[in-house]
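Colleague: Once you've had a glance at the structure underneath, I'll fire off some questions.
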C-alpha cells in the first residue's frame, strides 16, 4: 500500500502516563485506507481508546504523546497547532463516543447539538442547517424529526441516542469516523440497527472507520482488518479471515476462547413445585405530571407468566424497553405490580408482603459502580445484608464476609478498599458477593456482564456457575447477551413490548425458535463458533420471519 492509498497512518506511536510513568500505548503501528473498516480489539486498559484519541489530539491529562507519528492524509497531526486541530476535528475526523448520554449535552436540545458542528465548520445558514438536520434525522429512521430537534437527550432510549450521536457526526461528512464501543450497552437488535446505519452512512460518503470494540462477534461481522492490542502493544494484526481462521498470537486465541459457548448444564434437584411463580402480572408506570394532574398510566408489562424451579436458571431476554428489568424488580419488590400474583414458595407476596421472601430473594444490579455505595468499604458492603439475620454475632458476620470474599475470588485485604479502587470486574464480583452473602434461595441478575470485556465476562460467568453449584440458588438471569444466555440458562423466556412471547428450554429456543421475534433476536446475534480445525466463523442464526 502506497502513502497515497493511506488515509490514517499510525507509526510506532507511544503514549506515556505523566512524565515518567508507564507507557499506555507502546510502539503501535497500523494504517487505514479510504473507505476501510479497521477494528482495534482487546481487553479494557489495552490502550485502544487512547490510541484513537491520539488521532484527534484529545488525550486526557496526564497522558501525553512521547514518540512516533500519527499522519492523516499525509499530515503529521502532532505538528499541527491547536487551531488547525480544531479545524480538523469534526470536519475531517469524527468520533462517536462510548456513552451517548455522557457525550450529548443534557442541557441542549438535539437540534442545537446537531447544528453546532455545522456552524463551526461550514458557512450554511440557519435554515440550511435545519433542513440538513431534518433530512439526516429522517435518514436514520426518526419518524417525527421536527419534534426530535426540539427534544433533549433524556427523552430517548440508549439506541436512539446513539443513532442521534452518529447522525450529528456524519452531518459533516468526515473522511474518518472513530467509533469507540458504539454498541456496548445496547441489545442485539439495537446493535444491528446502529451498526447498519453507521455502515450505510459511511459507504454513501466513502468514510473510513476505526472501530474500537471488545465484541469479537461484531468485529468479525463488520470489519475488514483487525488489530489485537494488549497492554498498549499490537500483538497481532491482519484481515478478519487471517485472525479468525488462523490466529497466531496466544493472546488472540485466549480472547477467542473466552467467547461463551453452549455447555452441559448440571441436573436440577428434585422439587415438589416451583420456587417462584409469576401469574398474569401487569405493571404500570405513572405518566408525567401536568397542570391538570397526571397523564394516564402506561402499562409496561402485560399479563406476564413464568416459573423458576429450585436451583434453575431462567434467562429473560428481549430488546431494550421490553420490560425485562421492570418485571425482575417487581419480583424483589422494587416495582409494584397492579395485577396478577407473584408466588414465592406458594405464598403470594403481593398480598402478604412476605418478609421472608425479601430476605431470600436478592438482586445483582446492572451497573455495580452506581449500585455500590462509594462511601462504604467493601467489607461493610458485604456485611450490610447480614443485619437482618437473627442471632448472628459480629464475629460470625466477619467470618461470613471473609468466606464470601474467597468465594468471589478476592483476597481478604479487599475488605478495607472502596469501590473506586476496584476494576469493573472486581466491582461486579463484589455485587455478586453482596447478593449471595445471605445464601438466598433466588437471585435476580440484571445484565451482570453487559459492560465487561470478553475475558472478564468469562471469569464472571464461571464464578456464577461455580457459586450456583455450591449454594444451589435459583436465578432469573436478565440479559441481552444471547451467547451468555446460551451458556448459563436451563430455560429461556423471551419478552417483547411487555409480553412473554415464547418460553422453552435452552435448546428449544436456540435450535427451534417458534415466535418471529425470537427468530429475529437470534438472527441479529450471530455469535462466533469454533471450528474443528481451531479457527472460528460467524454462526448463522435462523432466518427471521416477517413481523
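Colleague: Does residue 406 count as in contact with a helix residue (DSSP H, G or I) (Cβ under 9 Å, 6 or more places away or on another chain), surrounded by 19 or more Cβ atoms within 10 Å (Cβ to Cβ), free of Cβ contacts under 8 Å to residues at least 60 places away in the same chain and over 29 Å from residue 278 (Cα atoms)?
Modeller: On the way: in contact with a helix residue (DSSP H, G or I) (Cβ under 9 Å, 6 or more places away or on another chain): yes; surrounded by 19 or more Cβ atoms within 10 Å (Cβ to Cβ): no; free of Cβ contacts under 8 Å to residues at least 60 places away in the same chain: yes; over 29 Å from residue 278 (Cα atoms): yes.
No.
Colleague: Evaluate region 147-162: report whether one residue or more is touching a strand residue (DSSP E or B) at 6+ places or on another chain (Cβ under 9 Å) and either surrounded by fewer than 21 Cβ atoms within 10 Å (Cβ to Cβ) or part of a helix (DSSP H, G or I) (or both).
Modeller: yes
Colleague: Go through region 447-547 and tell me which strands (runs of 3 or more DSSP E), entirely inside it, have 2 or more residues that are closer than 23 Å to residue 193 by Cβ.
Modeller: 491-496, 499-505
Colleague: Could you check how many residues of region 75-105 are at positive phi and modelled with pLDDT of 90 or more?
Modeller: Pass one, region 75-105, residues at positive phi: 90.
From the residues that got through so far, the ones that are modelled with pLDDT of 90 or more too are none.
Qualifying residue count, region 75-105: 0.
Colleague: Here is a list of conditions, (1) surrounded by 19 or more Cβ atoms within 10 Å (Cβ to Cβ); (2) within 27 Å of the chain's Cα centre (by Cα), and residue 418 meets all of them except one; can you say which number that is?
Modeller: (1)
Colleague: Within region 488-542, work out how many residues are without any contact (Cβ under 8 Å) to a residue 24 or more places away in the chain, touching a helix residue (DSSP H, G or I) at 6+ places or on another chain (Cβ under 7 Å) and more than 25 Å from residue 267 (Cβ to Cβ).
Modeller: So the answer is 2.
Colleague: Quick one: which residue in 485, 492 is modelled with pLDDT of 95 or more and either touching a strand residue (DSSP E or B) at 6+ places or on another chain (Cβ under 7 Å) or not assigned by TED's automatic domain parsing to the domain that holds residue 442 (or both)? Give the derivation first.
Modeller: On the way: 485 fails: modelled with pLDDT of 95 or more.
Exactly one residue qualifies, and that residue is 492.
Colleague: While we're looking at this one, here's another question. Being at pLDDT 90 or above and out of contact with any strand residue (DSSP E or B) (no Cβ under 7 Å at 6 or more places or on another chain): is that true of residue 231 here?
Modeller: Spelling it out, residue 231 is indeed at pLDDT 90 or above and out of contact with any strand residue (DSSP E or B) (no Cβ under 7 Å at 6 or more places or on another chain).
Colleague: Checking the condition within 24 Å of residue 49 (Cα to Cα) and outside any loop (DSSP other than H, G, I, E, B), which residue from 201, 172 passes? So that I can check it myself, show each step before the final result.
Modeller: Numbers: 172 fails: outside any loop (DSSP other than H, G, I, E, B).
Exactly one of 201, 172 is within 24 Å of residue 49 (Cα to Cα) and outside any loop (DSSP other than H, G, I, E, B), namely 201.
Colleague: If you don't mind, another one. Would you confirm whether or not region 125-133 contains a residue that is outside any helix (DSSP H, G or I) and more than 23 Å from residue 190 (Cβ to Cβ)?
Modeller: yes
Colleague: When you check residue 247 against the structure, is it touching a helix residue (DSSP H, G or I) at 6+ places or on another chain (Cβ under 8 Å), part of a loop (DSSP other than H, G, I, E, B) and farther than 26 Å from residue 490 by Cα, yes or no?
Modeller: Details: touching a helix residue (DSSP H, G or I) at 6+ places or on another chain (Cβ under 8 Å): yes; part of a loop (DSSP other than H, G, I, E, B): yes; farther than 26 Å from residue 490 by Cα: yes.
So residue 247 fits the description; yes.
The values are calculated or read from the model by the stated rules, or taken from the named source; none is laboratory data. Note that this is a predicted model, so its numbers are computed, not measured. In this analysis, Cβ positions are derived from the backbone assuming ideal geometry, glycine residues included, and neighbour counts consider all displayed protein chains.
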